[in-house]
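> Here it is, the structure, as structure tokens.
Values quoted throughout were computed directly from the atomic coordinates according to the rules given, and no laboratory measurement underlies them. Predicted model, so just to flag it, every value in this text is computed and none were measured. Neighbour counts are summed over all protein chains in view; Cβ atoms, including those assigned to glycine, are modelled from backbone coordinates with ideal geometry.
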Amino acid sequence: MKIIRLSILLCLMALAASASVITFGPVYMDAPSPSGFAFPNFGQTNFTSVISLPQFDPTLGTLTSATFSFTGTVSGNVQFENEDPTPQTVHVTVEAILELDDTTNGWSISVDAKNQFDRATTAYDGVEDFGGTSGFTVNDVEDTKTDQYTTIDGLDDLSVYTGTGTVEFTVQATGFSNGTGGASLIRHLTTYGASNASVTYDYISDVPEPATWGYIAISLVGFACFRLRRRE
């Protein structure tokens, strides 16, 4: 009798809804490459773009939460020339704040990608070439940051992320690159930004997983063996 009860219990447990997850991404923002810039999906700051992520397919089960991961990258090209009559240390900051916005639910993820360094220069060498001893040129100065957001029960509307299409998020990038050092510093800075996002959906599956069918099969085999032994 105990074996029958155990078999029935295992079957019920196996058929019960099970927690599952599914992940999409990373998906890169929709932004063209500026002329002469080698990396795809970058835009010159400041800009606004979009990222479209797949929705959760409701045929898989019931969505319980969603976690969004957002990665922002800054890349900059810098040129400096110290025209002071004395040596100077140039302080360089290549920075962009990138933000992923869900305008429907009202949340956002913001990352501050920043690369800073110092460069010593001599007194002006007489040639404004952003090189020599009094100047310098550095390309592809980069930094990457990542953050995430998990939906909050009772606050976020999960139906926005449910369907068979995509859900669109706004991406904003604002550049804050700068350089200081001496009263007669000539500078040229170009700042680019790129971003990508991914989503992990947590849901309750209404269809038993393959492993679940295994539990059911074991239970049924155990019950069958018990019945055979009873007959013997």
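> Which order results if 203, 149, 192 are arranged by neighbouring Cβ count within 10 Å, fewest first?
Working: 203 23, 149 17, 192 26.
Exposure proxy ranking, most exposed first: 149, 203, 192.
> Report the local net charge at residue 94: Lys and Arg +1, Asp and Glu -1, summed over other residues whose C-beta lies under 15 Å from its C-beta. Please report the intermediate quantities before stating the final value.
Values: positive: 114, 119, 145, 187; negative: 95, 112, 118, 140, 142, 143.
Combined, the nearby Lys, Arg, Asp and Glu give -2.
> As I understand it, the dipole of region 19-205 uses +1 on the Cβ of Lys and Arg and -1 on the Cβ of Asp and Glu, about the Cα centre. Which of 151, 41, 82 lies farthest toward its positive end?
Going by the charge dipole, the pick is 41.
> Tell me, what is a quarter of the convex hull surface for the C-alpha atoms of region 19-205, in nm² with one decimal? List each step's numbers first, then the result.
Working: hull surface 47.5 nm².
Here the figure is 11.9 nm², rounded to one decimal.
> A follow-up question, please. Report, in debye and to the nearest 20, how large the dipole of region 19-205 comes out about its Cα centre when Lys and Arg carry +1 and Asp and Glu carry -1 on their Cβ.
I would put it at about 160 debye.
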